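Asker: My questions will all concern the structure given below.
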Amino acid sequence: MSTWTGPATTLATLLASAVRGPKREGVYAIWLVARVAHDLTLLPPISERARRRRLDALAHRLSSLTVAPPVRRALAGALATLGDGTAEAAAVALHHLVAPVREGIGAEAAEAVAQAARAARAAARA
(Lines give C-alpha, C1' and ligand atoms only; values in the text may rest on other atoms or scores of the structure.)
Protein backbone atom coordinates (compact mmCIF):
# COMPACT_ATOMS: atom_id res chain seq x y z
CA MET A 1 0.00 0.00 0.00
CA SER A 2 1.34 3.41 -0.97
CA THR A 3 1.81 6.12 1.65
CA TRP A 4 -0.28 8.30 -0.68
CA THR A 5 -3.33 6.06 -0.41
CA GLY A 6 -4.47 7.36 2.99
CA PRO A 7 -4.46 11.08 2.11
CA ALA A 8 -6.05 10.44 -1.29
CA THR A 9 -8.80 8.35 0.28
CA THR A 10 -9.47 10.96 2.96
CA LEU A 11 -9.73 13.76 0.40
CA ALA A 12 -11.99 11.65 -1.84
CA THR A 13 -14.25 10.89 1.14
CA LEU A 14 -14.41 14.57 2.08
CA LEU A 15 -15.19 15.45 -1.52
CA ALA A 16 -18.04 12.95 -1.65
CA SER A 17 -19.57 14.19 1.59
CA ALA A 18 -19.19 17.95 0.99
CA VAL A 19 -22.15 19.97 -0.23
CA ARG A 20 -21.85 22.12 -3.33
CA GLY A 21 -19.98 25.35 -2.86
CA PRO A 22 -16.56 26.76 -2.01
CA LYS A 23 -15.74 24.06 0.55
CA ARG A 24 -16.39 21.24 -1.92
CA GLU A 25 -14.49 23.01 -4.68
CA GLY A 26 -11.65 23.66 -2.24
CA VAL A 27 -11.40 19.98 -1.39
CA TYR A 28 -11.46 19.18 -5.10
CA ALA A 29 -8.68 21.69 -5.76
CA ILE A 30 -6.53 20.23 -2.99
CA TRP A 31 -7.16 16.72 -4.30
CA LEU A 32 -6.03 17.80 -7.78
CA VAL A 33 -2.86 19.40 -6.39
CA ALA A 34 -2.10 16.27 -4.34
CA ARG A 35 -2.45 14.11 -7.48
CA VAL A 36 0.02 16.27 -9.41
CA ALA A 37 2.39 16.35 -6.43
CA HIS A 38 2.23 12.56 -6.29
CA ASP A 39 3.13 12.39 -9.98
CA LEU A 40 6.30 14.37 -9.23
CA THR A 41 7.45 11.71 -6.77
CA LEU A 42 7.17 8.76 -9.14
CA LEU A 43 10.20 6.68 -10.02
CA PRO A 44 11.12 6.77 -12.81
CA PRO A 45 10.13 10.43 -13.07
CA ILE A 46 7.55 11.54 -15.59
CA SER A 47 8.86 13.26 -18.70
CA GLU A 48 9.37 17.01 -18.77
CA ARG A 49 6.66 17.39 -21.39
CA ALA A 50 4.15 15.37 -19.34
CA ARG A 51 5.01 17.39 -16.23
CA ARG A 52 4.43 20.69 -18.03
CA ARG A 53 1.15 19.47 -19.49
CA ARG A 54 -0.11 18.32 -16.09
CA LEU A 55 0.81 21.61 -14.46
CA ASP A 56 -0.85 23.58 -17.27
CA ALA A 57 -3.99 21.45 -16.98
CA LEU A 58 -3.99 21.90 -13.20
CA ALA A 59 -3.64 25.67 -13.48
CA HIS A 60 -6.45 25.80 -16.03
CA ARG A 61 -8.78 23.70 -13.88
CA LEU A 62 -8.01 25.60 -10.66
CA SER A 63 -8.75 28.93 -12.33
CA SER A 64 -12.43 28.04 -12.69
CA LEU A 65 -12.98 26.87 -9.11
CA THR A 66 -14.46 28.99 -6.32
CA VAL A 67 -12.43 28.48 -3.15
CA ALA A 68 -11.87 30.41 0.07
CA PRO A 69 -9.37 33.30 -0.33
CA PRO A 70 -6.63 31.81 1.90
CA VAL A 71 -6.80 28.56 -0.03
CA ARG A 72 -6.77 30.38 -3.39
CA ARG A 73 -3.60 32.27 -2.43
CA ALA A 74 -1.97 29.06 -1.20
CA LEU A 75 -2.90 27.25 -4.41
CA ALA A 76 -1.18 29.95 -6.47
CA GLY A 77 1.96 29.47 -4.41
CA ALA A 78 1.71 25.70 -4.69
CA LEU A 79 1.48 25.91 -8.48
CA ALA A 80 4.60 28.04 -8.61
CA THR A 81 6.47 25.62 -6.35
CA LEU A 82 5.30 22.54 -8.26
CA GLY A 83 6.77 24.15 -11.37
CA ASP A 84 10.22 23.09 -10.15
CA GLY A 85 9.20 19.53 -11.00
CA THR A 86 10.93 17.71 -8.16
CA ALA A 87 9.70 15.51 -5.34
CA GLU A 88 11.12 18.03 -2.88
CA ALA A 89 9.09 20.81 -4.55
CA ALA A 90 5.99 18.63 -4.21
CA ALA A 91 6.65 18.20 -0.49
CA VAL A 92 7.16 21.94 0.02
CA ALA A 93 4.05 22.85 -1.98
CA LEU A 94 1.89 20.47 0.04
CA HIS A 95 3.42 21.58 3.33
CA HIS A 96 2.58 25.22 2.56
CA LEU A 97 -1.04 24.26 1.91
CA VAL A 98 -1.67 22.77 5.37
CA ALA A 99 -2.46 25.98 7.33
CA PRO A 100 -4.64 27.63 4.64
CA VAL A 101 -6.54 24.36 4.15
CA ARG A 102 -7.13 24.11 7.90
CA GLU A 103 -8.50 27.66 7.88
CA GLY A 104 -10.54 27.48 4.69
CA ILE A 105 -11.68 23.86 4.50
CA GLY A 106 -11.17 22.12 7.82
CA ALA A 107 -8.89 20.10 10.06
CA GLU A 108 -9.53 16.72 8.43
CA ALA A 109 -8.53 17.99 4.99
CA ALA A 110 -5.48 19.73 6.48
CA GLU A 111 -4.37 16.48 8.11
CA ALA A 112 -4.71 14.66 4.79
CA VAL A 113 -2.55 17.33 3.11
CA ALA A 114 0.02 17.04 5.91
CA GLN A 115 0.15 13.26 5.40
CA ALA A 116 0.61 13.78 1.66
CA ALA A 117 3.43 16.25 2.37
CA ARG A 118 5.15 13.67 4.60
CA ALA A 119 4.77 11.04 1.86
CA ALA A 120 6.30 13.41 -0.70
CA ARG A 121 9.16 14.23 1.66
CA ALA A 122 9.84 10.51 2.15
CA ALA A 123 9.80 9.99 -1.63
CA ALA A 124 12.21 12.88 -2.10
CA ARG A 125 14.66 11.26 0.32
CA ALA A 126 14.43 7.86 -1.36
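The values are calculated or read from the model by the stated rules, or taken from the named source; none is laboratory data. Source: prediction; values computed, not measured. Don't worry about glycine lacking a Cβ; one is built from the backbone with ideal geometry, like all the others, and counts go over all protein chains shown. For accessibility, only protein heavy atoms count, side chains too; no ligands or nucleic acids. Shrake-Rupley method; radii C 1.70, N 1.55, O 1.52, S 1.80 Å.
Asker: Take the conditions within 14 Å of the chain's Cα centre (by Cα) and open to solvent by less than 20 Å² (accessible area, probe 1.4 Å) and apply them to Ala116. Does it pass?
Answerer: yes
For (1) open to solvent by 40 Å² or more (accessible area, probe 1.4 Å); (2) assigned to a helix (DSSP H, G or I); (3) touching a residue at least 24 places away in the same chain (Cβ under 8 Å), each residue gets a yes or a no:
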site: Ala8; (1), (2), (3): yes, yes, yes
site: Thr13; (1), (2), (3): yes, yes, no
site: Val27; (1), (2), (3): no, yes, yes
site: Leu55; (1), (2), (3): no, yes, yes
site: Arg61; (1), (2), (3): yes, yes, yes
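Asker: Same structure, new question: Using beta carbons and a limit of 7 Å, which pairs, at least six apart or on different chains, have the first residue in the stretch 114-126 and over 15 Å from Leu42 (Cβ atoms) and the second one open to solvent by less than 40 Å² (accessible area, probe 1.4 Å) and at pLDDT below 95?
Answerer: Correct list of pairs: Gln115/Gly6; Gln115/Pro7.
Asker: Scanning the stretch 72-91 for residues that are open to solvent by less than 40 Å² (accessible area, probe 1.4 Å) and over 11 Å from the mean Cα position of the chain (by Cα), which turns out nearest to His38 (Cα to Cα)?
Answerer: Ala87
Asker: What's the number of the condition Leu94 fails, among (1) crowded, with 19+ Cβ neighbours inside 10 Å; (2) modelled with pLDDT under 95?
Answerer: Condition not satisfied by Leu94: (2).
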